[in-house]
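> Before I ask anything, let me first share the structure, which is written out below as structure tokens.
The values are calculated or read from the model by the stated rules, or taken from the named source; none is laboratory data. Quick caveat: nothing in here was measured; it's all calculated off a predicted structure. Virtual Cβ from ideal backbone geometry, glycine too; neighbours counted across all protein chains shown. Note: areas computed on protein heavy atoms with side chains; ligands, DNA, RNA excluded. Shrake-Rupley method; radii C 1.70, N 1.55, O 1.52, S 1.80 Å.
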Amino acid sequence: MTILSSPETLTQQTAPHAVTLDGITKTYQSKAGKVDALAGVTHAFPSSTFTAVMGPSGSGKSTLLQVAAGLDRPSKGDVLIGGNDIGKLSEVELTKLRRSTMGFVFQSYNLLPALTVFDNVALPLRLAGKHPRRNEVLAALDQVGLHGLHRRRPAELSGGQQQRVSIARALISKPEVVFADEPTGALDRQTSRQVLELLRQVVDDRGQTIVMVTHDPLAASYAHSVLFLADGQIVGHLERGTPAQIAQKMSELEK
Ligand code: ADP
Ligand code: MG
């Protein structure tokens, strides 16, 4: 496990694929019987790309994100992060890897209400046992357009501002890949657009990788490519699709 003793080497190396899913099956046992939330998913997410994952409700989008981020273990198949098979890691090793190479953005922001904006953004560094430098945190806030708001609490911000705080928090540890589950689901159109432009910039200017689950064709059109899921399988792929093309594809799947 040389990688885990020096996580920096992992983030510095430029693996051609940030995340690889190889033959992933995820089976849940429920009262009604077994459910294959993912049924044989193989896909490699190239480094420095923005991919949207779309599909009808229940198609396995959230499960795919959870498994890709190592938050949930697959029933079958391998997940590689930057070329490293995470199935071989213990929970402690996996948590370390997650903190050094991944960022997360959720629909509901998941900010800690008692902490200031500054402390929310600094949290991942503290959890990783580092001392956040003040300038580093303020620069992350500048980058998402929140200059001067670092002393506020989340409740003193708009929804769009709170989501930018959560993006700054996801980016502070310079992760190789950011996983986002419906990041604009709670935002109005105008604010969504700003958040999506910001995510796209992160990929285009800084070379980070984003995997974003969304049900909104307009949101998906900010990605380089769109992956379509149905019944736990990849059923389509669109490169640089327009909102209309993406919506068309979605309506075919929902038939
Ligand atoms: P999506 O995000 O596309 O709506 P999910 O990944 O949440 O889909 O779910 C895919 C399928 O797996 C659904 O049929 C869902 O009911 C089932 N599922 C998800 N999580 C669980 C779980 N913890 N236990 C049982 N079934 C689950
Ligand atoms: Mg979901």
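> Just to verify a number: what accessible area does ASP36 come out at with the full protein assembly present, 1.4 Å probe, Å² rounded to tens?
80 Å²
> So how much accessible area does LYS88 have, in Å² to the nearest 10, using a 1.4 Å probe?
Near enough 150 Å² of accessible area.
> Ok, one more. So for ARG73, ARG189, ARG169, what's the accessible-area order with a 1.4 Å probe, most first?
ARG189, ARG73, ARG169
> Report, for the stretch 10-253, the % of DSSP beta bridges that are antiparallel, rounded to 5.
55 percent
> Mean residue ellipticity at 222 nm from the helices of the chain, using -39,500 (n - 2.57) per DSSP H segment of n ≥ 4 over the full residue count, to the nearest 500 deg cm²/dmol?
-11000 deg cm²/dmol
> A follow-up question, please. Let's see if you can work this out: charge +1 on each Lys and Arg Cβ, -1 on each Asp and Glu Cβ, no other charges. What is the dipole magnitude of the chain about its Cα centre, in debye to the nearest 20?
600 debye
> Enter the accessible area of ARG99 (Å², nearest 10), with the probe set to 1.4 Å and all protein chains included.
Its heavy atoms expose roughly 100 Å² to the probe.
> Starting from the residue with the highest accessible area, list GLU91, GLU252 in decreasing order, probe 1.4 Å.
On the way: GLU91 110, GLU252 90 Å².
In descending accessible area the options line up as GLU91, GLU252.
> Okay, moving on. Run the accessible area of the stretch 10-253 with a 1.4 Å probe and give the carbon-and-sulfur part as a rounded percent.
Carbon plus sulfur share of accessible area: 50 percent.
> Taking +1 at the Cβ of each Lys and Arg and -1 at the Cβ of each Asp and Glu, which of PHE106, HIS43, ALA223 sits farthest along the dipole of the chain towards its positive end, judged by Cα position relative to the Cα centre?
PHE106
> A follow-up question, please. Please express the shape of the stretch 94-238 as an equivalent ellipsoid: the semi-axes are the square roots of 5 times the eigenvalues of the C-alpha gyration tensor, given largest first in whole angstrom.
Listed largest to smallest, the semi-axes of the stretch 94-238 are 26, 18, 13 Å.
> Next question. Under 5 Å between amide hydrogens, which residues at least 5 positions from GLY103 or on another chain qualify, with H placed 1.01 Å from N in the peptide plane?
Sorted by chain and number, the residues that satisfy this are VAL177, VAL178, PHE179.
> What whole-number value in Å² describes the accessible area per residue of the chain for a 1.4 Å probe?
47 Å²
> Turning to a different aspect of this structure: For ASP36 and ARG193, calculate 0.36 nm times their separation in residues minus their Cα-Cα distance, and state this gained length in nm to one decimal.
53.1 nm is the gain from fully extending ASP36 to ARG193.
> Moving on. How large is the Kirkwood hydrodynamic radius of the chain, in angstrom, based on all distinct alpha carbon pairs? Mind dumping the intermediate values first?
Values: mean 1/r = 0.0536 Å⁻¹.
Answer for the chain: a Kirkwood hydrodynamic radius of 18.7 Å.
> While we're on this one: Whenever you get a sec, line up HIS150, HIS131 from highest to lowest accessible area (probe 1.4 Å, protein heavy atoms).
Largest accessible area first, the list is HIS131, HIS150.
> What is the dipole size for the stretch 58-172, taken about its Cα centre, with +1 at each Lys and Arg Cβ and -1 at each Asp and Glu Cβ, in debye to the nearest 20? Can you show the working numbers first?
Numbers: 16 positive and 9 negative charges, 45 e Å.
Charge dipole, the stretch 58-172, about its Cα centre: 220 debye, nearest 20.
> Counting pairs of alpha carbon atoms under 8 Å apart in space and at least six apart in sequence, what relative contact order in percent does the chain give? Let's see the in-between values first.
Values: 496 pairs, mean separation 67.0, N = 255.
Relative contact order comes out at 26 percent.
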